[in-house]
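As structure tokens, the structure follows; a few thoughts come after it.
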Amino acid sequence: MELNKIQPADDSNVANGILPNLSATSLLSVSNLSKTFELPREGWGTVPRLRAVDKVSFTISEGEVLGLVGESGSGKSTLGRLVLRLIESDTGAVHLEGTDIRRLSQRQLQDARQKMQMIFQDPFASLNPRRKVGAAIEEVLELHGMQEPLARSERCKELLGQVGMSPEDAQRWPREFSGGQRQRIAIARALAVNPKLLVADEPVSALDVSVQAGILALLRELQSRLSLAILFISHDLSVVEVMADRVMVMYLGRIMEVAPTRALFNAPLHPYTAGLLAAAPRLNSGSKLQVMLGGEIPSPIDPPSGCVFRTRCPFALPACAQEVPELKDLGQGRLRACLRDDLDLPQVQAA
Ligand SMILES: Nc1ncnc2c1ncn2[C@@H]1O[C@H](COP(=O)(O)OP(=O)(O)OP(=O)(O)O)[C@@H](O)[C@H]1O
Ligand code: SF4
Ligand SMILES: [Mg+2]
């Protein structure tokens, strides 16, 4: 029998992550978060459902940068949007400083947004082309209670300075700026209300390589000066390597591995992480393990049973089609979702 023909086991109770201890000092605690999209029905059949995020749990501490990586379609942006409640989750909880933002009214949510902001890949997504830069920044300040126009204007100039722009830029239109400058303005706008958490979704992917480093350096500098926590989403491992304190690896809506950044890049413990690293070799790579990621990421409408990575995993066993691996805590900040406890990737690498 082909592995992918085996019927899925009941996985309804398999959490994907360590359920956060809400009394801990985490800024953000996400538990058992899931999101399924309903797709347009074709003909008279049932409505197809796409599982984008599946029972994901994780935490982010104050001032911590958590990288989120995975191939296109793995659910990274959906997870980022769920965290800010830009879209509604099906189940789960998202606690920001102890408050479950899923239970807030729209009015309360608007107040909570003062603590969490998002930066998008395309800065035009957050900048209204018909609004001057200063007005765009001041709009956020006003929304969050800064009523005095002079105070708003001063704060706006201060913010532009913080992101390496000049106070005069407040009077210009977004179209007058390059992509890199627009991203700086979007960052200034996001920081206007002193958030504690930023969700940065591919913030440099749309920019020329020559300007990427400047934006990353700015984000790192602001992060450390303002003690910002960032959920830093990127498909580019080299970018995550320089930005993140810890990295979470996602595949088909589930977390495969979590580890401190250096440990993950030097010695990945999950076959999928090893495959991602092999597909994007880095000059200073400590890992020599070459796990080839054959084929395409399967459709989330009909994900593989058991371990969702099994159709591409060189180490898969028949049991991998039947049981959903839990994300197990292996100590030293390392977590892995793999049924094969006997699989010691660093040892495979050394052999
Ligand atoms: N609004 C939506 N309606 C239906 N399907 C959606 C919607 N948003 C996302 N999806 C699907 O959910 C899955 C996860 O998408 P998501 O954008 O979160 O992935 P991603 O990891 O951010 O990918 P990328 O690296 O390409 O940005 C994909 O299969 C995508 O097609
Ligand atoms: S559970 Fe099986 S298929 Fe999944 S990563 Fe581990 S060995 Fe590979
Ligand atoms: Mg995305």
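So the values come out like this:
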| read-out | value |
| --- | --- |
| Search result, residues across segment 117-175 that are without any contact (Cβ under 8 Å) to a residue 24 or more places away in the chain and in contact with a Cys (Cβ under 7 Å, 6 or more places away or on another chain) | Glu138 |
| Pairs with Cβ under 8 Å, 6+ apart, first in segment 194-218 and of a type in the set (Ser, Thr, Tyr), second within 16 Å of ligand 3 (Cβ to nearest atom) | Ser205/Gln121; Ser205/Ser234; Ser205/His235; Ser205/Asp236 |
| Boolean, Leu289 is under 19 Å from Leu264 (Cα atoms) and either modelled with pLDDT of 95 or more or within 16 Å of ligand 1 (Cβ to nearest atom) (or both) | no |
| Count of residues meeting criterion [in contact with a strand residue (DSSP E or B) (Cβ under 8 Å, 6 or more places away or on another chain) and more than 16 Å from ligand 2 (Cβ to nearest atom)] in segment 35-54 | 12 |
| Residues being in a loop (DSSP other than H, G, I, E, B) and either loosely packed, with under 14 Cβ neighbours inside 10 Å or not assigned by TED's automatic domain parsing to the domain that holds Arg246 (or both) - total across segment 325-346 | 5 |
| Matching option when the condition is more than 27 Å from Glu64 (Cβ to Cβ), charged (D, E, K, R) and surrounded by fewer than 22 Cβ atoms within 10 Å (Cβ to Cβ), among Arg172, Arg155 | Arg172 |
| Count of residues meeting criterion [within 16 Å of ligand 3 (Cβ to nearest atom) and either more than 25 Å from Leu327 (Cβ to Cβ) or among the small types (Gly, Ala, Ser) (or both)] in segment 203-262 | 7 |
| Residue ranges of strands (runs of 3 or more DSSP E) in segment 44-147 with at least 3 members aromatic (Phe, Trp, Tyr), farther than 25 Å from Phe232 by Cβ and at pLDDT 95 or above | none |
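The values are calculated or read from the model by the stated rules, or taken from the named source; none is laboratory data. Since we're looking at a predicted model, the values are computed, not measured. Positions of Cβ are backbone-derived with ideal geometry, glycine not excepted, and every protein chain shown enters the neighbour counts.
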